[in-house]
Amino acid sequence: VAGITVQDGTVDLPNPLAELTLDELRTRRSVKWNTYPPDVLPLWVAEMDAPLAPSVRAALLAAVERGDTGYAHPGGLAEAYAGFAAARLGWAPDPATARLVPDVMNGVVAVLDALVPAGSTVVLNTPAYPPFFSFLRGGGWRVVESPLTPTGDGGYALDLDRLDHDLAGAAAYLLCNPHNPTGTVFDRATLVGVAERCARRGVRVLADEIHAPLTYPGVEFVPYLAVTDDGVAMVSASKAWNLPGLKAALAVPGPRVDLSVLPPEVSFGAGLLGVIAAEAAFRSGGQWLDALLAALDHNRRLLAALLADALPQVGYRLPDATYLAWLDCRRLGLGDDPSVAFLDRKVAVNPGPSFGLPGHGFVRLNLATSPAILTAAVQRMAAAVA
Ligand SMILES: Cc1ncc(COP(=O)(O)O)c(C=O)c1O
């Protein structure tokens, strides 16, 4: 797999997920590599085991050389994102109206604070990224869970009638597309249906599109604001270029939403290095992203083969996007939270129940690691069942 290359006619890039050894990764200071003892393979929180994209690394090194560590100025980040969105997502947002936020979760809270009444109801689809619950409840909103519908092949669909029912009386809907943890990319017709129902019910839509750059070749990602003028997209380079600790994201409003009502303090928590890195990623990180996607594509298929061989009872459908694998372990007999048994075998994955009721019996596995680590992890997980 070290041989994965991506060609754009000029450069071959090595597999970004096969460059760092386990020993090198263990020197990292991030939460992924420091929460569990060193004998545990950490396949949990959404960080990637890749080095930085060359353009991002160069921009950060130059900033450090300049001693450029003052407060964040948005610079050309929104323009860089708009260029990326136009080139790769077929959507041309107006960079002048976007607002810099520290990260997607703080951005979601800030936008809700500004646009929907305190204490009102926010709907989200379950299974759901666990901080959705904690940040929304912490901000004082009531959370209504609207479950996605299993399609029977390990996939999930957004049932528009079910959503419409759950939107009754709600002030906002937090759409997650591509969806964490299931890896589902919702199609255009679904998004049009969402927009119609939310418009009819007067529900504000926040579209968390943090994973959009991680859509696999052959799958079309349609930005929510490409189908409607109304809503706010939350975007960031932090997942696709592994920058979450640097703190920079954007709230991008549709033409019918005015984000000038957000107070200036909303941008204060953003980091300048985050802005600089994200701008470099969106402007000139496309070739590296293609190499990464080739490596992730290899890993999502490798995981299918490893599971078929060692843990054939586990349900897994290739994600349309994201490096997250949502594993149905209900037939393993490991109870509501199979992550406990896997951790006993020195593999850390995210507990399914933390994603809400539909997560019982599931785990979320982060496959943005080397093929060797992924292989070792599945072998250890199989030993938990044997
Ligand atoms: C769907 C989704 N939203 C938000 C976040 C968190 O993003 P941030 O670190 O920018 O708050 C994540 C992180 O994995 C995520 O998967």
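Read-outs: derived from the displayed coordinates by stated rules, not from any lab. These figures come from a predicted structure and were not determined experimentally. All Cβ positions, even for glycine, are placed from backbone atoms using ideal geometry, and neighbour counts span all protein chains on display.
A few remarks follow.
- Amide H to amide H distances under 5 Å link LEU41 with VAL347, ALA348, where only residues 5 or more positions off or on other chains count and H is placed in the peptide plane.
- Length gained on full extension, ASP161 to ARG142: 4.7 nm, using 0.36 nm per residue less the C-alpha separation.
- Among 204-210, 117-123, the order from most to least packed when residues are scored by Cβ within 10 Å on average: 204-210, 117-123
- P(r) tail, the chain: Cα-Cα pairs separated by more than 26 Å, 51% of all pairs.
- Burial order of peptide ranges 365-373, 235-243 (average beta-carbon count within 10 Å, highest first): 235-243, 365-373
- As a calculated quantity, the FRET efficiency between ASP23 and ARG301 at R0 = 25 Å, using C-beta atoms, amounts to about 0.40.
- Distance (nanometres) between label positions extended 7 Å along Cα→Cβ at VAL261 and ASP290: 4.3 nm
- Helix-only mean residue ellipticity at 222 nm for the chain, each DSSP H run of n ≥ 4 adding -39500 (n - 2.57), per residue, nearest 500: -10000 deg cm²/dmol
- Among VAL232, VAL108, VAL116, the residue with the largest mean-square fluctuation in a Gaussian network model of the chain, with springs joining Cα atoms closer than 10 Å, is VAL116.
- Under the membrane-span-like helix rule (DSSP H runs whose alpha carbons stretch at least 15 Å along the helix axis, mean Kyte-Doolittle hydropathy -1.0 or higher), the chain yields 54-66, 104-115, 188-201, 272-284, 286-310, 371-385.
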